[in-house]
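Comments concern the structure below.
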Amino acid sequence: MDDTSPGNGHPDHAAPGNGHPGNRHSGHTRPGDADLDRPASPPLPSGRPGPGTRKQLGLVNGAIEAIGARATGRKRLGVFATIGRAKRLFRGWLIYSATMMPFGELSRTDTELIILRVAHGRGADYERDHHRVIGKRAGLTDAEIAAVDRRDHGFTGRRGAMIAVADQLVAKRDVDDATWAELSRHLSDRECVALVQLITHYDGLATALHVLGTPADEKR
């Protein structure tokens with residue numbers, strides 16, 4: 001890891017450099033949401049499948065969803081209950097997803113930071129809510145979690161380069177040569193492939209959860 005924890009738990013008081021969020025602000029605010037300028041989460045469409053009942057998921061998928069809900073402290077785990085409607089596809093998706101999180105090529109903290117950045121760029125509240133908790137368990141600090149939800153996040157070095165790639169992929173489905181060259185200074189080719197797959201996977205998941213009408217999970 002090239003990063004250390006920001007001071008005092010506040011990203012605005014952290015020394016810039018070495019991948020930390022530094023003393024930088026976006027200049028955009030929303031009432032009750034100071035320093036954040038992420039896209040607003042769009043309203044869910046009506047008439048979509050949404051989460052299925054455990055009977056609709058079937059025995060295996062229903063059991064997996066129930067275990068996931070219990071482990072995360074939710075009444076239902078909407079992501080599993082929605083994708084679980086697709087029967088065998090759900091189990092293949094679980095295995096594929098696990099090769100990126102939690103068993104990916106990138107460190108757990110870098111993985112969670114990038115997932116949170118994708119959620120920021122997409123205005124994906126479902127992903128953001130879950131991965132703030134998962135990210136903290138993985139080792140992200142409160143300051144890092146807050147900073148990655150700002151446009152002017154303050155991360156530099158390896159993490160700054162990864163976030164720049166995430167921002168470009170989410171915004172325009174491509175990465176310019178200068179941004180890629182900077183990424184290549186910090187990551188191996190193997191890690192670069194893993195990063196692009198991670199970003200596009202969670203970008204696609206944000207799309208799927210919105211289009212299919214998956215609401216926020218209720219806590220137990």
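Please treat every number below as a calculation from the coordinates, not as lab data. Quantities reported herein were computed from a predicted structural model and do not represent experimental measurements. Cβ atoms come from the backbone with ideal geometry, glycine included; neighbour counts cover every protein chain shown.
Taking the inverse of the mean 1/r over every pair of distinct Cα atoms in region 80-148 gives a Kirkwood hydrodynamic radius of 12.8 Å. For residue 74, the amide hydrogen comes within under 5 Å of the amide hydrogens of 220, counting only partners 5 or more places away or on other chains and with H modelled in the peptide plane. Taking label points 7 Å from Cα along the Cα-to-Cβ direction, residue 129 and residue 60 give a separation of 2.9 nm.
Translational diffusion of region 93-210 was estimated from the Stokes-Einstein equation, with Rh taken as the Kirkwood radius over Cα pairs; at 25 °C and 0.890 mPa s the coefficient is 175 µm²/s. Could you grab the relative contact order for region 54-98? Cα pairs under 8 Å, six or more apart, rounded to a whole percent. Computed over region 54-98, the figure is 37 percent. Kirkwood radius, region 54-98, all distinct C-alpha pairs, inverse of mean reciprocal distance: 10.2 Å.
Counting neighbouring beta carbons within 10 Å and listing from fewest to most, the residues 165, 196 come out as 196, 165. Sorted on the mean count of surrounding Cβ atoms within 10 Å across their residues, most packed first, peptides 62-68, 138-144, 188-194 read 138-144, 62-68, 188-194.
What ranking do 96, 202 get, fewest neighbouring Cβ atoms within 10 angstrom at the top?
On the way: 96 11, 202 27.
Lowest to highest Cβ neighbour count: 96, 202.
For region 82-91, backbone phi angles converted through the Karplus equation (6.51, -1.76, 1.60; θ = phi - 60°) give residue-by-residue couplings of 7, 5, x, 4, 7, 6, 5, 4, 4, 5 Hz, Gly and Pro being listed as x. Packing, taken as the mean count of other beta carbons within 10 Å per residue, orders the peptides 44-56, 207-219 from highest to lowest as 207-219, 44-56.
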